[in-house]
Amino acid sequence: MHQPIPVNTPLLNGNELKYVTECIETGWISSEGPFISKFEEGFSNFIGCEHGVAVSNGSAALDIAIKALNIGQGDEVIMPTFTIISPAQSVVIAGALPVLVDSDPLTWNMDVNQIEAKITARTKAILVVHIYGLPVDMDPVLDLAKKYNLKVIEDAAEMHGQTYKDRMCGSMADLSIFSFYPNKHITTGEGGMLLTNDKALAERCKKLRNLCFEPNGPRFVHYELGWNYRMTNLQAALGLAQLEQIEGFIEIKRKMGANYQHQLSFLKEKGYQLPLAKTDFAENIYWVFGLVAPTEKEKEEMVNYLTENKIGTRPFFWCIHEQPVFKNMGLFKDEKYPVAEKLARNGFYLPSGLGLTLDEQKVIIKCIS
């Protein structure tokens, strides 16, 4: 029997140890260290934005983005129902209302054709979430934002290095956010970043991540509330080492995805849906390799079978409109989004981490075959 194969294994074989050791040897372990600005500059340059603001995680970045754009009580933000809870949580905590759209059945991203019908006088922003490996069709979103004078937030947490029509995901919105959790293309352990081309907005984000200290004011005197959402120098050191390898990481992911596509194509005959390899505007970056089973029962059977064989899996995101916490708040009553509901019930993904070896992938494929 093979060793357990986790759903994610990070790849830490560059300068990670060297840079983190430098932090320890110099004593710069907090958010004041020099790797912070190096990582912010390096990552923002890679994505093609002028300003980067490193924070403690992707959810923190969303909190800051919502407040920095003055989204609050009574405002509405259009977003997909098929996503992790973080975007909706940030909106709800700010006192605003998430307004949901269903998924595109092929890309699994938000159906941009449903957005305009959801725009009201209270709509303040469109929050785009790029899901699992393919980007949202951004041009229609940007056109609507311009037409109705709306802000756009790009949640590109899963899209490090992905492009949309040769434009980097995370470079097209008023504010974008990234996550550097260990299952992302590059990791800082925990961590995130906001990107923007607006200098004033960047300064606003920096203030919000640091308890709203006044840049030139008296220390410990505050005129508004923010958060301690700072990234540490240790995290940034790890991130910089990872960033140096990102092109290679993307290549690894795409080769892994292509191998799964080829070897598991027989599942289509059994009613499974595999991820699209590409669209008219992007080639899949395979943050994860997802499968949608024909039925919820068949998904559960496959997941249990893989678990018994020591192969890790994860279910797809649970829809925002079906989250008990929001139901208990009285939100999304009687709302139905059939495509997203099917994805949430029938979808799961296979081990897809950068540290997955070819031999491990062969074991997974043989087990499924």
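Taking residue 311, is it over 24 Å from residue 259 (Cβ atoms), β-branched (Val, Ile, Thr), modelled with pLDDT of 95 or more and open to solvent by less than 30 Å² (accessible area, probe 1.4 Å)? Steps first, please.
Working: over 24 Å from residue 259 (Cβ atoms): no; β-branched (Val, Ile, Thr): yes; modelled with pLDDT of 95 or more: yes; open to solvent by less than 30 Å² (accessible area, probe 1.4 Å): yes.
Taking the combined requirement at face value, the residue does not satisfy it.
Within region 84-96, can one find any residue that is hydroxyl-bearing (Ser, Thr, Tyr), closer than 28 Å to residue 290 by Cβ and in contact with a His (Cβ under 8 Å, 6 or more places away or on another chain)?
No, that holds for no residue.
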- Item | Hits in region 146-160 (condition: open to solvent by 10 Å² or more (accessible area, probe 1.4 Å) and of a type in the set (Gly, Ala, Ser)) | 157
- Query: Looking at 52, 48, 27, which one is touching a Phe, Trp or Tyr at 6+ places or on another chain (Cβ under 9 Å) and not polar (S, T, N, Q)?
  - Reply: 52
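Filter region 219-242 down to the residues that are in a helix (DSSP H, G or I) and either open to solvent by less than 20 Å² (accessible area, probe 1.4 Å) or of a type in the set (Phe, Trp, Tyr) (or both) and list them by number. Give the steps one after another, and end with the answer.
We begin by selecting, within region 219-242, every residue in a helix (DSSP H, G or I); these are 233-242.
Within region 219-242, 233, 236, 237, 239, 241, 242 meet the criteria.
Say whether the condition of being open to solvent by 30 Å² or more (accessible area, probe 1.4 Å), in contact with a Ser or Thr (Cβ under 9 Å, 6 or more places away or on another chain), within 30 Å of residue 22 (Cα to Cα) and modelled with pLDDT of 95 or more is met by at least one residue in region 89-105.
Initially, region 89-105 is screened for residues open to solvent by 30 Å² or more (accessible area, probe 1.4 Å), giving 89, 92-94, 97, 104-105.
After this cut, where a residue has to be in contact with a Ser or Thr (Cβ under 9 Å, 6 or more places away or on another chain) as well, the list is 89.
If we keep only those that are within 30 Å of residue 22 (Cα to Cα) too, we end up with none.
No, region 89-105 has no match at all.
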- Query: For region 256-271, how many residues are free of Cβ contacts under 8 Å to residues at least 40 places away in the same chain and either closer than 30 Å to residue 139 by Cα or part of a strand (DSSP E or B) (or both)?
  - Reply: 2
- Item | Residue within region 292-299 that is touching a residue at least 40 places away in the same chain (Cβ under 8 Å), open to solvent by 20 Å² or more (accessible area, probe 1.4 Å) and under 30 Å from residue 160 (Cβ atoms) present | yes
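In region 109-139, what count of residues is obtained for those that are assigned to a loop (DSSP other than H, G, I, E, B), open to solvent by 10 Å² or more (accessible area, probe 1.4 Å) and out of contact with any Ser or Thr (no Cβ under 7 Å at 6 or more places or on another chain)?
Matching residues across region 109-139 total 5.
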- Query: Could you give every pair whose Cβ atoms fall below 8 Å, whose first residue belongs to region 13-38 and is touching a residue at least 60 places away in the same chain (Cβ under 8 Å) and among the aliphatic types (A, V, I, L, M), and whose second residue is in a loop (DSSP other than H, G, I, E, B) and surrounded by 13 or more Cβ atoms within 10 Å (Cβ to Cβ), counting only separations of at least 6 or pairs across chains?
  - Reply: 29/232; 36/231
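Per-residue answers, yes or no, for (1) crowded, with 23+ Cβ neighbours inside 10 Å; (2) under 29 Å from residue 197 (Cα atoms); (3) within 20 Å of the chain's Cα centre (by Cα):
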residue	(1), (2), (3)
9	no, no, yes
18	no, no, no
22	no, no, no
26	no, no, no
30	no, yes, no
36	yes, yes, no
40	yes, yes, yes
43	yes, yes, yes
61	yes, yes, yes
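So in region 163-203, with the set limited to residues that are of a type in the set (Phe, Trp, Tyr) and open to solvent by less than 10 Å² (accessible area, probe 1.4 Å), which one is nearest to the chain's Cα centre (by Cα)? Steps first, please.
Going residue by residue through region 163-203, those that are of a type in the set (Phe, Trp, Tyr) are 164, 178, 180-181.
Right, trim to open to solvent by less than 10 Å² (accessible area, probe 1.4 Å) and you get 164, 178, 180.
Working: 164: 15, 178: 6, 180: 9 Å.
Filtering region 163-203 for residues that are of a type in the set (Phe, Trp, Tyr) and open to solvent by less than 10 Å² (accessible area, probe 1.4 Å), the one nearest to the chain's Cα centre (by Cα) comes out as 178.
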- Residue satisfying all of: in region 337-356; open to solvent by less than 10 Å² (accessible area, probe 1.4 Å) and part of a helix (DSSP H, G or I); nearest to residue 81 (Cα to Cα) among these: 340
- Task: Evaluate the following for residue 159: is it modelled with pLDDT of 95 or more, among the aliphatic types (A, V, I, L, M) and in contact with a Cys (Cβ under 6 Å, 6 or more places away or on another chain)?
- Result: yes
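The values are calculated or read from the model by the stated rules, or taken from the named source; none is laboratory data. Given the structure is predicted, the values throughout are model-derived calculations rather than measurements. Cβ: placed from backbone, ideal geometry, glycine included. Neighbour counts: every protein chain shown. Just so you know, the surface numbers come from the protein's heavy atoms only, side chains and all, with ligands and any DNA or RNA stripped out. Shrake-Rupley method; radii C 1.70, N 1.55, O 1.52, S 1.80 Å.
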